[in-house]
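S.K.: Can you read through this structure? Questions will come right after.
The values are calculated or read from the model by the stated rules, or taken from the named source; none is laboratory data. It should be emphasised that the depicted structure is a prediction, and the values quoted were computed from it without experimental measurement. Methodologically, a virtual Cβ is constructed for each residue, glycine included, from the backbone with ideal geometry; neighbour enumeration extends over all protein chains shown.
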Amino acid sequence: MAYWLMKSEPSEISIDDLASFPDQTVGWFGVRNYQARNFMRDQMQPGDGVLFYHSSCAEPGVAGLAEVVGAPYPDPTQFEKGEKYFDEKATPEVPRWFQVDVRLVKKTRLLALSEIRSNPDLQEMRILAKGNRLSITPVSSFEWRTIQKLINP
DNA sequence: GCCAACGTTGGC
DNA sequence: GCCAACGTTGGC
């Protein structure tokens, strides 16, 4: 059982969008960074905990809890010619990009980035590291438990 | 809109 | 394999 923080721009997919999807599940398409891809392809397991994080918005922070469901599979958007996420070097036989499905567990209060930054127990989070841009980062079980206490009434 | 930081690309 | 140029991320 591992834990992850996954960034999504709410202008693309917000926590409320996720809540409205069938099975409250979304395929995590569009990742085009090898390190983030490797986390999904090689390390994620069904049942892993996910912090759903809103980035590039007015109030960045953790907006809800989710979980990994199912096994990784090729990101279909890499084959969509002319579309944003098309990759001409990817083929169905040799796909380059992978995704997992992520299901909402519950929407929470917003745990703002500023609150994460000011919490002594969360200083080691990758999200706070200078220059960090990875859209998927591991979260320690201690950090996960700390955050549960902060967001659960 | 700014800009620091980082990843990728491509010429050599 | 090096590295300059370029594009992207994401908080502010």
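S.K.: Can you find a residue in segment A:33-44 that is within 16 Å of DNA strand B (Cβ to nearest atom), aromatic (F, W, Y) and more than 13 Å from the chain's Cα centre (by Cα)?
M.R.: Yes, that holds for at least one residue.
S.K.: Could you grab the pairs with beta carbons closer than 7 Å, sequence gap of 6+ or different chains, first residue in segment A:100-118 and among the aromatic types (F, W, Y), second one near DNA strand C (Cβ under 10 Å from one of its atoms) and part of a strand (DSSP E or B)?
M.R.: none
S.K.: Restricting segment A:114-142 to residues that are in a helix (DSSP H, G or I) and within 15 Å of the chain's Cα centre (by Cα), which is nearest to DNA strand C (Cβ to nearest atom)?
M.R.: So the first thing to find is which residues in segment A:114-142 are in a helix (DSSP H, G or I), and the list is A:114-118, A:120-122, A:126-128, A:141-142.
If we keep only those that are within 15 Å of the chain's Cα centre (by Cα) as well, we get A:126-127.
On the way: A:R126: 10, A:I127: 7 Å.
So, considering only residues that are in a helix (DSSP H, G or I) and within 15 Å of the chain's Cα centre (by Cα), the one nearest to DNA strand C (Cβ to nearest atom) is A:I127.
S.K.: So, one more: Only one of (1) under 20 Å from A:M40 (Cβ atoms); (2) among the small types (G, A, S); (3) modelled with pLDDT under 95 fails for A:G131. Which number is that?
M.R.: Just one mismatch for A:G131, condition (1).
S.K.: Looking only at segment A:128-147, how many residues end up being under 14 Å from A:W4 (Cα atoms), touching a residue at least 12 places away in the same chain (Cβ under 8 Å) and not hydroxyl-bearing (S, T, Y)?
M.R.: 8
S.K.: Quick check on A:V94: is it more than 16 Å from DNA strand C (Cβ to nearest atom) and either of a type outside the set (D, E, K, R) or over 18 Å from A:I13 (Cβ atoms) (or both)?
M.R.: yes
S.K.: Just a yes or no: is a residue in segment A:24-36 away from DNA strand C (no atom under 16 Å from the Cβ), modelled with pLDDT of 95 or more, outside any strand (DSSP E or B) and within 22 Å of A:P10 (Cβ to Cβ)?
M.R.: Yes, that holds for at least one residue.
S.K.: Considering each residue of segment A:60-88, count those that are touching a Leu at 6+ places or on another chain (Cβ under 6 Å) and either more than 15 Å from A:T25 (Cβ to Cβ) or within 16 Å of DNA strand C (Cβ to nearest atom) (or both), and give that number. Please lay out each step first, then the result.
M.R.: Quick first cut of segment A:60-88, residues touching a Leu at 6+ places or on another chain (Cβ under 6 Å) only: A:60-63, A:66.
Right, trim to either more than 15 Å from A:T25 (Cβ to Cβ) or within 16 Å of DNA strand C (Cβ to nearest atom) (or both) and you get A:60-63.
Of the residues in that region, 4 qualify.
S.K.: Let me ask something else. Quick check, is A:S11 part of a loop (DSSP other than H, G, I, E, B), within 11 Å of DNA strand C (Cβ to nearest atom), of a type in the set (S, T, N, Q) and touching a residue at least 12 places away in the same chain (Cβ under 8 Å)?
M.R.: no
S.K.: Among the residues of segment A:37-71, write down those that are in a strand (DSSP E or B) and of a type in the set (D, E, K, R).
M.R.: Of everything in segment A:37-71, just one residue is in a strand (DSSP E or B) and of a type in the set (D, E, K, R), namely A:E67.
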